1. Taking the stretch 302-324, which residues are open to solvent by 40 Å² or more (accessible area, probe 1.4 Å) and under 14 Å from the mean Cα position of the chain (by Cα)?
2. Can we say Ala333 is part of a strand (DSSP E or B), within 16 Å of the ligand (Cβ to nearest atom) and open to solvent by less than 50 Å² (accessible area, probe 1.4 Å)?
3. Pick from the stretch 367-392 the residues that are touching a residue at least 24 places away in the same chain (Cβ under 8 Å) and assigned to a helix (DSSP H, G or I): which of them is farthest from the chain's Cα centre (by Cα)?
4. Would you mention how many residues in the stretch 28-60 are assigned to a loop (DSSP other than H, G, I, E, B) and within 13 Å of the ligand (Cβ to nearest atom)?
5. Any residue in the stretch 357-368 that is open to solvent by 40 Å² or more (accessible area, probe 1.4 Å) and within 12 Å of the ligand (Cβ to nearest atom)?
6. Could you look through the stretch 300-332, keep only residues that are touching a strand residue (DSSP E or B) at 6+ places or on another chain (Cβ under 9 Å) and of a type in the set (Asp, Glu), and pick out the one that is nearest to Gly22 (Cα to Cα)?
7. Any residue in the stretch 305-325 that is part of a loop (DSSP other than H, G, I, E, B) sitting within a Cβ distance under 7 Å of a residue that is among the hydroxyl-bearing types (Ser, Thr, Tyr)? List the pairs, counting only those 6 or more apart or interchain.
8. Please work out which one of (1) in contact with a helix residue (DSSP H, G or I) (Cβ under 9 Å, 6 or more places away or on another chain); (2) at pLDDT 90 or above is the condition Glu366 fails and give its number.
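The values are calculated or read from the model by the stated rules, or taken from the named source; none is laboratory data. Every value quoted in this text rests on a predicted model; they were computed, and no experiment measured them. Heads up, the Cβs are rebuilt from the backbone with ideal geometry, glycines too, and the neighbour counts pull from every protein chain shown. SASA here: full protein model, heavy atoms, side chains in, ligands and nucleic acids out. Shrake-Rupley method; radii C 1.70, N 1.55, O 1.52, S 1.80 Å.
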Amino acid sequence: MACDGKGMPTRQARGGTLILGGGFGGAYVARYLGSRGATIVSLENFMLFSPMLPEAASGMLEPRHCVIPLRMMCPHAELLLGRATGLDEETRTVEVETDSGTHAVGYENLVVALGSVSRTLPIPGLAEHGLGFHDLADAIRLRNHVLRRLEAAAAVLDPAAAARELTFVFVGAGYAGVEALAELSDLVRDALRYYPTLRDVPQHWMLVDAAPKILPEIPSRLGEYAAALLANRGVDIRVSTTLESAMPDAVTLSDGSRIETHTLVWTAGVRAQPALEQLGLPLDDRGRVRVDSLLRVEERANVWALGDGARVPNEATPDHPDPPTSQHALRQARRLARNLTGEPRPYRFRMLGQVATLGRYKGIAEVPGLRLRGFAAWWLTRSYHLYQVPLLSRKLRIVADWTVALLFRRDIAEFSILQRR
Ligand SMILES: Cc1cc2nc3c(=O)[nH]c(=O)nc-3n(C[C@H](O)[C@H](O)[C@H](O)COP(=O)(O)OP(=O)(O)OC[C@H]3O[C@@H](n4cnc5c(N)ncnc54)[C@H](O)[C@@H]3O)c2cc1C
């Protein structure tokens, strides 16, 4: 085995292409490269299909079914499970920490797709008491937490304490926050049939956002429909409002209110993966790798970047770079794989539409020439997501979960025991 200058074992990336990150961007580049092969470095051995994360949090889907094992999704790629910690552009090697030590991996072309992390703000108590909603562990933790609140409410004798347990505050009214709130409130509604002593305890679901409306990404009329639907279900929507502080049993808001709660979920946007700072590549003011229209890192001949961690110019939307969505990461991956194997061409993608679910049987969708809401939008959103999931075996597992959910009541077992070990 060869060694680099620091004595680390060195290997060469399969097919000469080294991909950092096995999420939407990285995994799809490897998949589109097909039999040319690539080496993927990733923290997990699966790609998370994040559009289905809210359903995993509510137990509608088995969490394992909303991830796709990278070795199955990209059978021609080599997977190195580990953390990319450094880049040496002179020797064209990346340092990777794995469970079996640190390795250097050589490349001819490097693709950087390290994604994003939750964007937090320096709000007192947020880091200690807020629950994130960004990855699979967050979804599982949130489900356990919510079910545990029901158990806590059933255990107390004081009605005010029970009401505090059934108060759930979500900060961030973009897709992730709205979909997570809608799914989890369905979970609680279904679960409460098994808690007869809680029948008369009021639930309080609250959605807070600094912006003047919820779901600012979608056309106003659909956003208003979503807001009206949530309000009809009793959700207390506070727009133009910010979280001021969080304590173990309460939060305070900028409108002066103090809400007694044990549940604060923070879904207020994402920021580029901080690990990108260790690579020495040009970053913009939001920590994203700067790339040109070919998806090539500025002033680099053989380093490329895409996804949430890159500032990607799009010829179809010249006035703004791509937003952090899987829809965009997937199209960027397709163009990048083509640019690696043929004559590089600029990236160009016009969004096909926007879809979201608002809990069971309700949704909103805007596709060319069509604006849908209610059941039709819910059905379209689910069908679209199912179509997007790679591998037939994964699609079938998801359909099986959905079918079981139609026929049987929701599972209400909670596994916070795993977090305590
Ligand atoms: C709750 C939620 C719901 C969403 N719903 C939708 C939706 O409905 N529709 C939509 O279009 N988009 C949705 N998104 C956005 C979408 O998930 C992202 O835009 C997409 O995943 C970006 O792809 P990516 O490859 O840049 O990053 P990711 O998919 O996050 O992948 C990043 C990869 O980098 C790896 N990594 C990180 N650091 C290192 C390191 N140091 N070394 C090695 N590997 C590392 C990670 O393990 C991961 O594999 C949602 C996001 C969230 C959080």
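1. Asp308, Pro323, Pro324 - these are the residues of the stretch 302-324 that are open to solvent by 40 Å² or more (accessible area, probe 1.4 Å) and under 14 Å from the mean Cα position of the chain (by Cα).
2. So Ala333 does not fit the description; no.
3. The selected residue is Leu380.
4. 4
5. no
6. Among residues in the stretch 300-332 that are touching a strand residue (DSSP E or B) at 6+ places or on another chain (Cβ under 9 Å) and of a type in the set (Asp, Glu), the one nearest to Gly22 (Cα to Cα) is Asp308.
7. Close Cβ pairs satisfying both conditions: Val312/Tyr347; Pro313/Ser293; Asn314/Tyr347; Glu315/Ser293; Glu315/Tyr347; Pro324/Ser116.
8. So Glu366 meets the others, but not (2).
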